[in-house]
Amino acid sequence: MLRTQFAAVREQGTGKMVDRPVYLLSTESADRMQGDVYALVDRPFHALRQVLTQAEDWCDILILHLNTQYCRVSRSAAKVELLAGVGRKVDQPLADVYWLRFDHRIVSAAEDRLEVTLQAPSGPLSTSDYRLVVEVAPSGPNQSLLHLRYSYAYGLAGRWAMQAYLATVARDKVGFTVVGQHSDGQPIHVGGVRGVLERNTMRYFLGIEAVLAAAELPASSRQSRSLQHWFDATERYPLQLHEVDSDTYVQMKLRELQRQQTEPPPASMQ
């Protein structure tokens, strides 16, 4: 099914990144947003399965995002959870960030199919039912097909909060989908809530690629490599994803990683 979906998306050509076989699609309904990335990844299937089935590696993926300030894995007899703190793109006390509790579930880890789901019941700005779903299938000995789906639900309060954000901090930000042309022929990119969704979907996909790129390095080198890889990858799309310079990003993330290792989450989240 994944191969069929990828072939259909490739034939249609909608959402293609100009420089690589990656397709980004997004949809918006009355109460739900969804972004999908379909990609041909230059990594063998077993390498993706090894990383994406590990909850700790998912924390390494999530923390690369500018807004993720903390991520820890919690295990019990019943389930595996990721406790993630998200906030602004600046240093914040953990008491001031929003918290998401993701259930990490391996739906399938067969020899020719992988499906992993992260699901959180609630999130920031009155949003709910956060889902990150990854499907992977082999495509030759050294490549894999990957589908990432990122979605969440929101009610009236969440829509109001998002509109306030879009009217201030994010008023000039855009996504990847081209929705028209300016008089000089330059493309008009989608803005608004879909623009937010597309930027974050792409950031999560690039996070997966960055952790995969560092996975075979010695443990002492993986962190710095994945940080630099993620930043460099986002800078390929400056119109949508540029926020800070490299030094600012790396130093901020190193502080967050240090805090993540030494400081427990707030007692209310434990």
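Read-outs: derived from the displayed coordinates by stated rules, not from any lab. In this text, all values refer to a predicted model and were calculated from it rather than measured experimentally. Please note: Cβ atoms are built from the backbone with ideal geometry, for glycine as well, and neighbour counts cover all protein chains shown.
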Residue of Q186, Q258, Q69 that the Gaussian network model of the chain assigns the largest fluctuation, springs spanning Cα pairs under 10 Å: Q186
Can you tell me, using C-alpha contacts under 8 Å and at least 6 residues apart, the relative contact order of the range 2-258 as a whole percent? 18 percent
Are there trypsin sites (Lys or Arg not before Pro) in the range 1-94 that DSSP marks as loop and that have at most 10 other Cβ atoms within 10 Å, and which are they? K79
Under the rule of -39500 (n - 2.57) per DSSP H run of 4 or more residues, summed and divided by the residues of the chain, what mean residue ellipticity at 222 nm is obtained, to the nearest 500 deg cm²/dmol? -11500 deg cm²/dmol
Full-stretch length increase - V18, T262 - with 0.36 nm per residue and alpha-carbon distance subtracted: 83.7 nm
Can you tell me the FRET efficiency between Q223 and V178 if r is taken as the Cβ-Cβ distance and R0 is 30 Å, rounded to the nearest 0.05? 0.25
Projecting each Cα onto the charge dipole of the range 77-231 (Lys/Arg +1, Asp/Glu -1 at the beta carbon, about the Cα centre), which of G180, V80, Y154 comes out farthest on the positive side? Y154
Just how large is the dipole of the range 146-270 about the Cα centre, in debye to the nearest 20, putting +1 at every Lys and Arg Cβ and -1 at every Asp and Glu Cβ? 380 debye
Charge dipole of the range 2-258 built from unit charges on the beta carbon (Lys, Arg +1; Asp, Glu -1), centred at mean Cα; most positive-end Cα among G192, V97, Q258 is V97
Treating only the Cα positions of the range 2-258 as identical point scatterers, give the base-10 log of I(q)/I(0) from the Debye formula at each q in 0.09, 0.13, 0.14, 0.15 Å⁻¹. -0.39, -0.85, -1.01, -1.18
Computed about the Cα centre, the charge dipole of the chain from +1 Lys/Arg and -1 Asp/Glu charges at the Cβ has a magnitude in debye, to the nearest 20, of 340 debye
The range 113-155 scanned against label point 7 Å out from Q92 along Cα→C-beta; backbone N under 13 Å for 123-126
Using the crude model of +1 on Lys and Arg Cβ and -1 on Asp and Glu Cβ, and no other charge, please compute the dipole size for the range 1-49 relative to its Cα centre, in debye to 20. 260 debye
Under a GNM of the chain (C-alpha, springs under 10 Å), which listed residue has the highest mean-square fluctuation: S151, S183, S29? S183
